[in-house]
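The values are calculated or read from the model by the stated rules, or taken from the named source; none is laboratory data. Keep in mind that this is a model prediction, so the values were computed, not measured. Neighbour counts run over all protein chains shown; Cβ positions are idealised from the backbone, glycine included. Protein only, heavy atoms only, side chains kept; ligands, DNA and RNA dropped before computing areas. Shrake-Rupley method; radii C 1.70, N 1.55, O 1.52, S 1.80 Å.
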Amino acid sequence: VCVRIASHEIRLQYDSAIFARTPHQVQDDRDWKQFHDPKSLAEAISIEASELLELFLWKSVADVKAAIESEPRFRRAVEEELADVFCFGLNLANVANIDVASAIVKKIESNKKKYPIEKSKGTAAKYDKL
Ligand SMILES: [Mg+2]
């Protein structure tokens with residue numbers, strides 16, 4: 001899947017076989033699937049997103065950018081929390097039988113309609129405030 005957002009090309013190399021198999025094996029080996037209902041996985045996504053935010057707490061925008069670029073331990077911590085968010089997101093997609101690549105493409109198309117270029121260019125305002 002290849003889409004363009006705000007002039008950046010986003011490539012989603014969605015290998016459903018890998019995404020479907022890898023988390024399942026890890027979960028099967030540990031008997032964790034019993035905990036993976038949609039509500040708990042949505043909670044886990046939020047908690048992991050908060051752990052990502054915690055890394056940035058009290059730092060300036062410039063400090064966060066610099067740390068990601070030049071501090072390997074900080075970059076690795078960001079990478080790990082981001083991976084947690086994506087893993088739980090993929091687990092939720094699996095248990096809810098949602099095709100992630102298709103969902104992203106549909107959401108981007110929806111956002112393009114909600115945020116017409118002539119109204120939204122150069123502003124971060126929400127669609128209902130445009
Ligand atoms: Mg974490």
Exercise for the section: Answer yes or no as to whether Val78 is β-branched (Val, Ile, Thr), modelled with pLDDT under 95, within 15 Å of the ligand (Cβ to nearest atom) and surrounded by 14 or more Cβ atoms within 10 Å (Cβ to Cβ). Expected result: no
Problem - Filter result for Leu82 (among the aliphatic types (A, V, I, L, M) and closer than 21 Å to Trp32 by Cα) - result: yes
Handout entry: Check on Val85, in a helix (DSSP H, G or I), within 11 Å of the ligand (Cβ to nearest atom) and open to solvent by less than 50 Å² (accessible area, probe 1.4 Å)
Key = yes
Practice task
Answer with yes or no whether Ala125 is open to solvent by less than 40 Å² (accessible area, probe 1.4 Å), over 22 Å from Leu52 (Cβ atoms) and assigned to a helix (DSSP H, G or I).
Solution key: no
Handout entry: Of residues in the stretch 47-68 being of a type outside the set (A, V, I, L, M, F, W, C) and not in a helix (DSSP H, G or I), the one nearest to the ligand (Cβ to nearest atom)
Key = Lys59
Practice task
Determine the pairs where a residue that is more than 27 Å from Leu90 (Cβ to Cβ), located within the stretch 100-128, has a partner that is among the charged types (D, E, K, R) and at pLDDT 90 or above with Cβ atoms under 7 Å apart, the partner being 6 or more residues away or on another chain.
Solution key: Tyr127/Lys114
